[in-house]
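Step one of this worksheet: look at the structure below.
What follows draws every value from the coordinates through simple rules; no lab data is involved. Since the structure is predicted, the reported quantities are computational estimates derived from the model, not experimental observations. Note that each Cβ is placed from the backbone with ideal geometry, even for glycine, and that neighbours are counted across all protein chains shown.
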Amino acid sequence: MGSIMRVLIAATLVAVAASSPGFSAQGDDPDWPCIQRKVPELSIGQIWTGPELPPLAADWAKDAAISELVDDLAARRLPLPEAQEKIKAYLDALPEDQRPQNIAMLIHGLFDKMNGERSHVISGIARYAHRQRDLAASLRREGSALDAIRTRPDADQNQVMLRSEQLMFQTRIFQERIQSLTYVCEVPTLIEQRLYALVKTLAEAPPAQ
């Protein structure tokens, strides 16, 4: 039992160290847990390098068809090539005089929608990291408490075993969450890359025939 507990506590402490602030943080936020640098929000200038979008483009949500298309294109479950084909089919069906205005609204809509989603994910990552640090501290306290109890001559071995199993279960959850965080940290970059590709498709749309 003693060797099992020592291994368990050692594994817990390694996991705690791996989740400590600054372990993999990048940028100005010491609490940021991702290798990727934290950029809470994008600017439209990072995505769109063409002429300034007209003020009317900001009203994209008032157009039901454009709003629905923005939702469809932004959804990552729709493969990017299919989303790009959907853009082309939509533009091909537009009268020539509506294309510039609708392209501008789509660009603005995609930026608003996907930048908002990206910011939401980043906020979620921060909350996730805080919960991990709290759990790490709890695991460390429980591991230390169990180690102390185990050395007592009058220790209730059944209770020690029960708490040990609970600690191992919580440690396994903690480690799985660390692995999940690796994927979650990639999501803001995936959203940004998709947004850039969709806007690039709109920017390169050929004139109406």
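Tabulated data
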| quantity | calculated |
| --- | --- |
| Shape call, region 149-203: gyration tensor on alpha carbons, a/c limit 1.5 | prolate |
| Cα-based reach from Lys88 at 12 Å (exclusive), listing aspartates and glutamates while leaving out same-chain residues under 8 positions away | Glu204 |
| Magnitude of the charge dipole, region 46-136, Cβ model with Lys/Arg +1 and Asp/Glu -1, debye to 20 | 640 debye |
| log₁₀ of I(q)/I(0) at q = 0.11, 0.22, 0.24 Å⁻¹ - region 21-128, Debye sum with one point per alpha carbon | -0.45, -1.20, -1.33 |
| Pair-distance profile P(r), taking every C-alpha pair of region 116-188, with 10 angstrom steps and integer % | 18, 37, 23, 14, 7, 1 |
| Whichever lysines have a C-alpha closer than 21 Å to that of Lys38, once near sequence neighbours (fewer than 8 apart) are set aside | Lys113 |
| At 0.890 mPa s and 25 °C, Stokes diffusion of region 90-147 via Kirkwood alpha-carbon radius, µm² per second | 160 µm²/s |
| Share of Cα-Cα pairs in region 67-115 lying beyond 12 Å, as whole percent | 63 percent |
| Surface/4 of the Cα convex hull for region 71-209, nm² | 10.2 nm² |
| Computed E for Ser119/Ser144 - FRET, C-beta separation, R0 45 angstrom, nearest 0.05 | 0.70 |
| Unit charges at the beta carbon, dipole of region 73-209: most positive-side option, Ala145, Tyr183, Ile103 | Ala145 |
| Dipole magnitude of region 139-207 about its Cα centre (Cβ charges: Lys, Arg +1; Asp, Glu -1), debye to nearest 20 | 80 debye |
| Region 72-115-region 140-209 distance, computed between alpha-carbon centres (Å) | 35 Å |
| Spin-label proximity, Asp31 to region 182-198 - amide N less than 14 Å from point 7 Å beyond Cα toward beta carbon | none |
| Peptides 34-45, 184-195 ordered by average Cβ neighbours within 10 Å, highest first | 184-195, 34-45 |
